[in-house]
Amino acid sequence: MVRVIMLSPPGAGKGTHSRWLTSKTGAPHISAGDLLRAEVERGSDLGRQVAAYTSRGDLVPDDLIFRILAPIVVAAAHDTGGYVLDGFPRTMPQALRAAEFGAEVGLTSNAVIYLTAPEEELVNRLLDRARRDGRPDDQLGVIRHRLAIFASETAPLVDYYRGRGILLELSTDRPEADVQADLLNWLEARGLMPPVPGESTANHSARAGAMPTTRDLPHDDQPVNQTQA
């Protein structure tokens, strides 16, 4: 079963591709952002603390994130053997704390999927989402702030996971089907998923030839992460 961390700047498609991966694997999709927003909507004390950060586009402090997400990730791994973790960790301290936690509870992650797109494309997607869904954090000033925070706080995780040999970088500035074909092909090549039922060996090989570069992808599982959106 896949145990995957989805890493990307806002608007690059974590939610879309995470849900698709869940539909293909049965591994639960755990969206830190959705869980945080749900906590805010409940109006709990914890939710009010979270809202003070998310309304500005700032990262939620580690302790709050772990209190909300740690039990959910552990339960998902216990029930199904896997998860698709969308939006956590977002900083090096979170990644290191998550690795320690993973070692303690015997969880390991199979892969980190890093989705990218040009900044102006990300901005346009988020503004379109704001018009469509009414997300209060999808305002232009907040969007720019969130992207700046990603560049300073989250982007360093790319090298961290690349060094562990479990990073796949995919551009989402192309059709969704192309992104998903590359992702599925890579997971199959690592033995994390069986080949698509009914797919011929020739077709599988042809898709393998279209895979993005994975020069940093040896088979080196990593202590798993706790989760944040």
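Ranking Ile30, Ile5, Ile72 by Cβ neighbours within 10 Å, fewest first, what do you get? Mind dumping the intermediate values first?
On the way: Ile30 25, Ile5 29, Ile72 17.
If I rank by nearby Cβ atoms, fewest first, I get Ile72, Ile30, Ile5.
Starting with the fewest neighbours, write out His78, His145 ranked by other beta-carbon atoms found within 10 Å of each beta-carbon. Walk me through the numbers before you get to the answer.
Numbers: His78 10, His145 15.
Ascending number of Cβ neighbours within 10 Å: His78, His145.
Provide the three semi-axes, in whole Å and in decreasing order, of the ellipsoid equivalent to the range 1-81 as defined by the square roots of 5 times the Cα gyration tensor eigenvalues. List each step's numbers first, then the result.
Values: eigenvalues 113, 50, 21 Å².
Whole-Å semi-axes of the equivalent ellipsoid: 24, 16, 10.
Just subtract the alpha-carbon distance of His78 and Leu127 from 0.36 nm times their residue separation and send over the number in nm, one decimal.
Details: separation 49, 0.36 × 49 = 17.64 nm, distance 3.77 nm.
Once the chain is fully extended between His78 and Leu127, it gains 13.9 nm.
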Report summary line: Extension length gain for Val158 and Glu119 (0.36 nm per residue less Cα distance), in nm, is 12.3 nm
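Show me 38-51, 114-127, 11-24 ranked by packing, highest mean number of other Cβ atoms within 10 Å first.
Sorting 38-51, 114-127, 11-24 by mean packing, highest first, produces 11-24, 114-127, 38-51.
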Query raised in the report: If each Cα of the range 3-223 is one equal point scatterer, what is log10 of I(q)/I(0) from the Debye formula at q = 0.13 Å⁻¹?
Result: -0.77
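Might you report the magnitude of the Cβ-based charge dipole of the range 3-223 about its Cα centre, with Lys and Arg at +1 and Asp and Glu at -1, to the nearest 20 debye?
Rounded to the nearest 20 debye, it is 260 debye.
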Query - For the range 49-152, the Rg and Dmax computed from alpha carbons only, in angstrom - result: 15.7, 43
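Every number here is computed from the coordinates shown, using simple stated rules; none is lab data. Just so it is clear, the structure is predicted and the values come from calculations on it, not from any experiment. Positions of Cβ are backbone-derived with ideal geometry, glycine not excepted, and every protein chain shown enters the neighbour counts.
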